Amino acid sequence: MASGPASAPVADDDAGLTEAETREIVTPYAFRVHGDLLGLPLARPWRRALAILIDGTLVGLLSLVSPAVLMLAASLFLWNGARKPQVRRRGLLRVLALVGALAGTLGILASSESVRGGVEKTAHVVRVAAYRGDVESGACRDDACARDRLDDLAWLVTHGLMEDDDPALNFDEYLQGLALEPGEREDLWRSYQNHLQVLQPVVRSEDAATPEITPPRRESPDEPSYSVLGWARGVLQDLGLSLGWAALYFSAFTALWKGQTPGKRLLRLRVQMLRGGRISWWDAFSRFGGYGAGFATGLLGFLQLTWDANRQAIQDKIAGTVVIYDKAPREPKSR
């Protein structure tokens with residue numbers, strides 16, 4: 001009798017093969033599900049869709065936050081990951097976390113400077129507007145009240161926040177409505193020039209009434225400039241910020257909340273590893289990468305959960321996970 005082909009060793013629990021060794025031959029290892037998961041109810045597609053809609057809305061709101069805050073949050077994510085004993089190259093993760101924390105802190109400080117600048121600008125505008133209101137109402141009639149607001153006018157002029165760049169024209173507009181003697185007007189003009197000199201270099205003219213001040217260069221409204229690179233850079237910046245928050249959101253919440261995000265928690269869903277045990281930081285990040293694959297397949301990667309036997313979408317296939325309906329009565333195992 002002819003002998004058949006030699007049978008390959010079967011990878012089962014008794015064979016004593018490691019996970020790495022099972023990649024050398026065909027085994028049922030990749031298709032095994034931990035016994036504790038058998039009988040758990042799977043999440044319905046509509047629940048998963050509603051959960052991802054809630055999470056996507058929260059990510060969209062987070063993308064409005066300063067990138068510096070994202071940098072700090074990512075640094076905490078890396079530092080926490082470096083504390084896990086099973087993670088490799090923990091020293092490199094700590095260095096990246098410290099660099100990110102430093103960059104995020106500097107970014108927040110820069111943002112605070114910008115906020116202070118906006119507050120300063122608003123204060124000058126409000127004070128000049130109040131002065132003009134006093135002039136129009138007749139509450140301001142002499143040079144005393146005009147002198148109090150000259151510094152505010154000079155600040156607005158030197159920062160290019162007036163409709164006209166000519167300091168002399170702004171000065172004339174500023175004094176409009178006041179009955180001033182020639183000497184008073186000259187004193188106010190000299191005081192105004194002193195304010196301008198403090199705020200930016202002034203090139204004096206022979207005629208004191210028309211000092212030569214180099215105005216800030218502005219593009220003509222009749223000559224719009226279009227830059228494809230500039231447009232692409234802006235799109236990538238916005239997209240990158242949203243992706244950064246999404247990666248941090250789905251990875252951190254899924255790992256810290258034992259397979260749940262805020263959306264999944266509201267819908268009573270949980271991500272479980274097929275091999276059993278708690279989902280790790282790396283598994284959560286790998287699962288987030290599966291979302292990119294879902295979009296790359298024209299959403300078919302997401303829709304496959306409607307016909308897959310265990311309702312696994314493409315991110316579940318990549319990370320080896322399944323989404324269950326949490327806190328529901330457990331069905332008995334079929335024998």
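Per-structure values
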quantity: Residue within the stretch 272-282 that is assigned to a helix (DSSP H, G or I) and at pLDDT below 85 present; calculated: yes
quantity: Single residue of the stretch 153-193 satisfying the filter (among the aliphatic types (A, V, I, L, M) and assigned to a helix (DSSP H, G or I)) that is nearest to R141 (Cα to Cα); calculated: L175
quantity: Subset of the stretch 256-271 (residues that are open to solvent by less than 40 Å² (accessible area, probe 1.4 Å) and not in a helix (DSSP H, G or I)); calculated: G259, Q260, T261, L267, L269, V271
quantity: Every residue from the stretch 169-190 that is closer than 15 Å to C145 by Cβ and open to solvent by less than 30 Å² (accessible area, probe 1.4 Å); calculated: Y174, L175, L178, L188
quantity: Among (1) surrounded by fewer than 20 Cβ atoms within 10 Å (Cβ to Cβ); (2) over 28 Å from L70 (Cα atoms); (3) out of contact with any Pro (no Cβ under 8 Å at 6 or more places or on another chain) - the single one G301 does not satisfy; calculated: (1)
quantity: Every residue from the stretch 28-55 that is among the small types (G, A, S) and part of a helix (DSSP H, G or I); calculated: A30, G35, A49, A51
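The values are calculated or read from the model by the stated rules, or taken from the named source; none is laboratory data. Treat the numbers as computed from the prediction; the structure is a model and nothing was measured. In this analysis, Cβ positions are derived from the backbone assuming ideal geometry, glycine residues included, and neighbour counts consider all displayed protein chains. Each accessible area value is taken on the protein alone, full model and side chains, heavy atoms only, with ligands, DNA and RNA left out. Shrake-Rupley method; radii C 1.70, N 1.55, O 1.52, S 1.80 Å.
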